[in-house]
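The values are calculated or read from the model by the stated rules, or taken from the named source; none is laboratory data. Because the structure is a prediction, the values reported are computed rather than measured. Note: ideal-geometry Cβ built from the backbone for every residue, glycine included; neighbour counts use all protein chains shown.
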Amino acid sequence: MNHETTASRDAARARYLRHRRFVVLSLVVALGIFVLLLFAYVAHEVLFVGNDANYAVPPIYGNARLSPEEYQDVRVSDGNESVLITGGLGFIGSHVVDLLLHRGFKVTIYDDESNGHNHNAYANELVPRDITVVTDFPNYPADAASTATAITSTSTTTNASSSSGKRADDKSLLFTHVVHLAAAISVAESMSDPDKYERVNYGGSRKVFDWIRGYNDAVLSSIGDAEGGGGGGGGVDRRPTAARVIRKVVAASSAAIYGDPDPRLLPLRESAPYGGLSPYADTKYRMEGLMREFVESQSTSGAIALRFFNVYGPRQDPRNPYSGVISLFLEMARGGKDITILGDGMMTRDFVYVKDVARAIVLALLREEGEVNDGGGGKIGKGKSTGGGGKGPTFDVYNVCTGVSITINELAARVKSSMGSLSSIVHADPRDGDIRDSRCDPSGARVGMGFKAAVTQEMGLEKTASWFRSQLAK
Ligand SMILES: NC(=O)c1ccc[n+]([C@@H]2O[C@H](COP(=O)([O-])OP(=O)(O)OC[C@H]3O[C@@H](n4cnc5c(N)ncnc54)[C@H](O)[C@@H]3O)[C@@H](O)[C@H]2O)c1
């Protein structure tokens with residue numbers, strides 16, 4: 001009897017111990033999984049999403065917090081530099097404005113608001129103007145010295161929308177740099193309405209470059225007048241303290257000018273021949289010609305045309321049928337709709353993240369004349385640097401891309417997984433005239449202006465997907 005009691009007590013104790021071991025082990029495993037998940041989440045936020053709250057740096061002006069790779073190599077303004085940006089309310093332009101304000105530049109936006117967006121509530125100045133209308137451009141102010149003071153004192157974080165989007169005395173603004181992005185942007189629309197593209201992209205660009213030439217002439221003659229007056233002894237030196245010429249203009253060209261290139265030319269260098277297949281490409285290529293003529297016709301301002309490949313990122317409008325394929329796919333994935341690939345999906349594209357594009361624009365803008373490192377592939381033969389011997393302003397052209405292409409099939413799969421979407425990936429008829437392979441050589445921009453894309457396509461897609469998800473919450 002005693003034996004039986006002891007044996008059953010031992011068995012119960014053994015059961016209890018086994019049970020306790022099981023519970024402890026389960027708790028340890030659960031804790032381990034929890035720690036692993038927490039670690040994965042934090043790593044994901046820091047590495048991919050770059051969650052602004054933890055990671056980004058506050059700006060000098062404006063409200064855009066940027067992570068270090070988003071302003072990598074972009075110097076801070078000397079405090080007297082003022083940038084006019086056409087198309088600054090748009091998808092790419094708004095990121096350029098964020099970056100310039102972040103680095104302490106004064107920014108004035110010229111945009112006719114024709115794309116229906118205003119992504120720049122914190123730009124210093126918003127002037128709703130049409131680049132195709134000559135009288136819309138500001139004159140170099142008659143009394144530049146007093147204007148310089150006025151502008152410096154208002155160049156903080158004025159909310160453009162609260163100042164009803166317009167500055168009363170915009171005729172008296174001073175500038176040191178120009179970024180020209182305003183354009184009609186649809187290849188398809190350019191086929192059905194070529195006149196619009198001729199008027200806005202070619203005619204508007206001509207007006208921008210003519211205006212810069214006239215502006216610089218006015219600055220130079222005002223300095224000459226002041227020097228003439230002051231040099232006679234006893235005369236008053238009226239030289240404006242901030243009277244500086246516009247010394248650089250950077251404008252948006254496009255990879256569309258390469259058309260559907262011979263595969264032997266891949267990856268595309270800037271020296272590849274023109275192969276444009278649309279009025280859009282034609283007007284962008286002829287705009288580059290205008291820039292070359294502009295540089296040859298004066299001795300003050302250099303110019304750089306940047307040929308963007310496929311740009312994507314936050315603020316790209318997915319409701320615009322001509323938007324980039326990434327935003328269209330993200331929109332489909334977000335709504336659980338079929339992600340529709342036109343054709344077999346084996347065509348390749350070089351997708352470059354919009355904040356990298358903004359950085360390329362600002363690096364080009366701030367590149368000093370003569371700073372170019374020779375031996376780069378970024379020089380083009382015809383129309384490249386003018387003025388020989390490294391003297392005087394130059395005109396250069398650079399591709400803006402990552403150098404890494406992916407197929408549209410890979411892209412669709414990545415978009416689907418980054419959105420955690422249940423969408424199906426389906427194929428439809430190919431679109432007429434779609435380019436098969438687009439691969440780009442980024443070495444010209446690296447050598448010529450120190451630009452290398454900092455955001456990988458995986459990271460960029462995560463950041464863009466995160467932005468799309470945040471829009472869903474609104
Ligand atoms: N997004 C891309 O993938 C891509 C690729 C290659 C080149 N580009 C070029 O980059 C530039 C910016 O493109 P985006 O994608 O930001 O386009 P976007 O439409 O978002 O921006 C263009 C801006 O220009 C403004 N604009 C148009 N016509 C104007 C006029 N007559 N006067 C004043 N403003 C005017 C629009 O209101 C808009 O805010 C364009 O020149 C485009 O051709 C874009």
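Before moving on, here are some points about what is shown:
- Qualifying residue in segment 105-121 (condition: in a loop (DSSP other than H, G, I, E, B), β-branched (Val, Ile, Thr) and at pLDDT 85 or above): no
- Only one of Ala188, Ala184 that is more than 21 Å from Gly93 (Cα to Cα) and either within 14 Å of the ligand (Cβ to nearest atom) or at pLDDT 95 or above (or both): Ala188
- Applying the set (1) outside any helix (DSSP H, G or I); (2) modelled with pLDDT under 70; (3) more than 12 Å from the ligand (Cβ to nearest atom) to Leu126 leaves exactly one unmet item: (3).
- Every condition in (1) farther than 20 Å from Asp396 by Cβ; (2) away from the ligand (no atom under 15 Å from the Cβ); (3) outside any loop (DSSP other than H, G, I, E, B) holds for Pro261 except the one numbered (3).
- Residue check for Gly324: within 13 Å of the ligand (Cβ to nearest atom), of a type in the set (Gly, Ala, Ser) and either modelled with pLDDT under 95 or not assigned by TED's automatic domain parsing to the domain that holds Leu66 (or both): yes
Conditions (1) within 12 Å of the ligand (Cβ to nearest atom); (2) surrounded by 19 or more Cβ atoms within 10 Å (Cβ to Cβ); (3) in a helix (DSSP H, G or I), marked per residue:
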site: Arg244; (1), (2), (3): no, yes, no
site: Val250; (1), (2), (3): yes, yes, no
site: Ala256; (1), (2), (3): yes, yes, yes
site: Tyr274; (1), (2), (3): no, no, no
site: Leu277; (1), (2), (3): no, no, no
site: Tyr280; (1), (2), (3): yes, yes, yes
site: Lys284; (1), (2), (3): yes, yes, yes
site: Met287; (1), (2), (3): yes, yes, yes
site: Glu293; (1), (2), (3): no, no, yes
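- Condition met for Lys452 (touching a helix residue (DSSP H, G or I) at 6+ places or on another chain (Cβ under 8 Å) and either assigned to a loop (DSSP other than H, G, I, E, B) or buried (at least 21 other Cβ atoms within 10 Å of the Cβ) (or both)): yes
- If you go through segment 73-115 and keep only what is acidic (Asp, Glu) and more than 6 Å from the ligand (Cβ to nearest atom), you end up with Asp73, Asp78, Glu81, Asp98.
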